[in-house]
């Protein structure tokens, strides 16, 4: 089947072509090998969903911060130093008892890098991109998220340079937890909006 | 362009399947591909809309059977070839690499964090006054440009309400092909029933960022 090679099993000619392209670009002075290494290190080790979790945990814990986050998300997120490529214009959207938000990019794979890092394969995949705008509740069920019919679902299709971050609902039983402890409950998937935040009893991280 | 990259609402794609371990990169080639694409951005030889349009011009069958970084590979080679910066002959090693010049120098390792933390600029200083107000009913135009557009097919010819006004922005439909034509960008709220008719769901809403050129007044 065509998609059998999608996950970590590329065609040999793909691997070879990427190598040829890098050699050619380096030889032409268009890219520097060490810069490529630094880019990989940044997005493999430094920038990821732990950033977004800090933002959400503070919003849960500090009403003033939450107000700033909802009023000017880019500036409030920049307070942590999370800025730049694929997060130039951030908009945080808040889940409540009556509203559940979920984010997609149907046209490509737009995703808020400074707060979530690079997107998982499923986020970029045809099933997610095609279905979540039409049948979000069915897609959420596949992630184990069942919403009552009375909950309004808002799907955000990232067609411009605006990047959306979901603020999941603060779980029950988290009174008195520190911001660091709260951040442990904020999974990547809950900030995309396909799941709720983890409950303190079941939290095992992402 | 109306191709398979514009997949909102399509049927038959199957269930959403998350990987068990979800590595950030699958193999070294994905790392190098991701990094090359970002490093090239620093040269000032192509903008983000040209980059997206290069990817969506991939043969539709190949697009659907490719992983995301394979699509990036296709797009980057297409763009650099079209810009005259590389050639298939050079890639194949059939000819010696020709020297080229670029507006900006290659990204250095020291500069990576600075450049990536700075990002791009898409908001444009302008005196243009938005034609539509928050809360106003609008209708998307029924357009089918052969070039780049960020108005998804599933949202064409439908009525919605302006949810937010984001200011004047770079306009992808122009920026992908030549001189930009900056204009107001809005977020527009559509009901699922408006977009999908009886196959929609009563309390589902879809919010889409749309430029002024895509919209018309509801009379």
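Where a number appears in this text, it was derived from the coordinates with a stated rule and is not lab data. As the structure is a prediction and not an experimental result, all values here were calculated from the model. Here Cβ is always computed from backbone atoms with ideal geometry, including for glycine, and neighbour counts include all displayed protein chains.
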Open item on the list: Using only DSSP helix segments of four residues or longer, with each worth -39500 (n - 2.57), what per-residue ellipticity at 222 nm results for the protein assembly as shown after dividing by its residue count and rounding to 500?
Closed with: -9000 deg cm²/dmol
Task: With Cα atoms, 0 to 90° folded angle of helix A:49-61 axis to chain A main axis - done: 20
- [ ] Bin width 5 Å, alpha-carbon pairs only: give the P(r) of region B:153-205 as whole percents, running from 0 to the bin holding the largest distance.
- [x] 5, 18, 18, 18, 17, 12, 8, 3, 1
- [ ] Can you quote the Å³ per residue value for the convex hull of the Cα atoms in region A:15-73, rounded to an integer?
- [x] 123
Task: Spatial separation of Cα centroids for region B:64-97 and region A:162-205, in angstrom - done: 41
TODO: May I ask for the angle, rounded to the nearest 10°, between helix B:28-41 and the longest principal axis of chain B, with both axes built from Cα atoms and the value confined to 0 to 90°?
DONE: 80
- [ ] Using label points projected 7 Å from each Cα along Cα→Cβ, tell me how many nm separate residue A:75 and residue B:217, to one decimal.
- [x] 3.4
- [ ] Could you pull the Rg and Dmax for region A:1-111, using just the Cα atoms, both in Å?
- [x] 19.5, 57
Open item on the list: What whole-number distance in Å separates the alpha-carbon centres of region B:1-59 and region A:8-28?
Closed with: 16
Task: Percent of alpha-carbon pairs separated by more than 22 Å within region A:85-206 - done: 32
- [ ] Determine the distance separating the Cα centre of region B:117-157 from the Cα centre of region A:63-139; give it in Å without decimals.
- [x] 19
Task: Order of A:24, A:177, B:107 under a 10 Å beta carbon neighbour criterion, fewest first - done: A:177, A:24, B:107
Open item on the list: Over the Cα atoms, compute the radius of gyration (one decimal) and Dmax (the largest Cα-Cα distance, rounded to a whole number) for region A:68-151, in Å.
Closed with: 14.4, 39
TODO: Project the alpha carbons of region B:57-169 onto their principal axes and report the range along each, largest first, in whole Å.
DONE: 59, 39, 23
- [ ] Would you mind ranking A:36, A:198, B:128 so that the residue whose beta carbon has the fewest other beta carbons within 10 Å leads the list?
- [x] B:128, A:198, A:36
TODO: Calculate, axis by axis, the spread of Cα positions in chain B along the three principal axes, and write the results as whole Å, longest axis first.
DONE: 62, 46, 33
TODO: Calculate how many DSSP beta bridges within the protein assembly as shown are antiparallel, expressed in % of all such bridges and rounded to the nearest 5.
DONE: 55
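Among B:26, A:100, which comes first, second and so on when ranked by fewest other beta-carbon atoms within 10 Å?
Ranked by crowding around the Cβ, least crowded first: B:26, A:100.
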- [ ] Can you pull a Stokes-Einstein diffusion coefficient for region B:100-219 at 20 °C (1.002 mPa s), Rh from Kirkwood over Cα pairs, as a whole number of µm²/s?
- [x] 130
Task: Between 0 and 90°, nearest 10: helix B:68-82 axis offset from chain B longest Cα axis - done: 70
Open item on the list: Give the average over all directions of the projected area of the C-alpha convex hull of the protein assembly as shown, one decimal, in nm².
Closed with: 20.7
Task: Residue-averaged beta-carbon neighbours from other chains (10 angstrom radius) around A:116-122 - done: 4
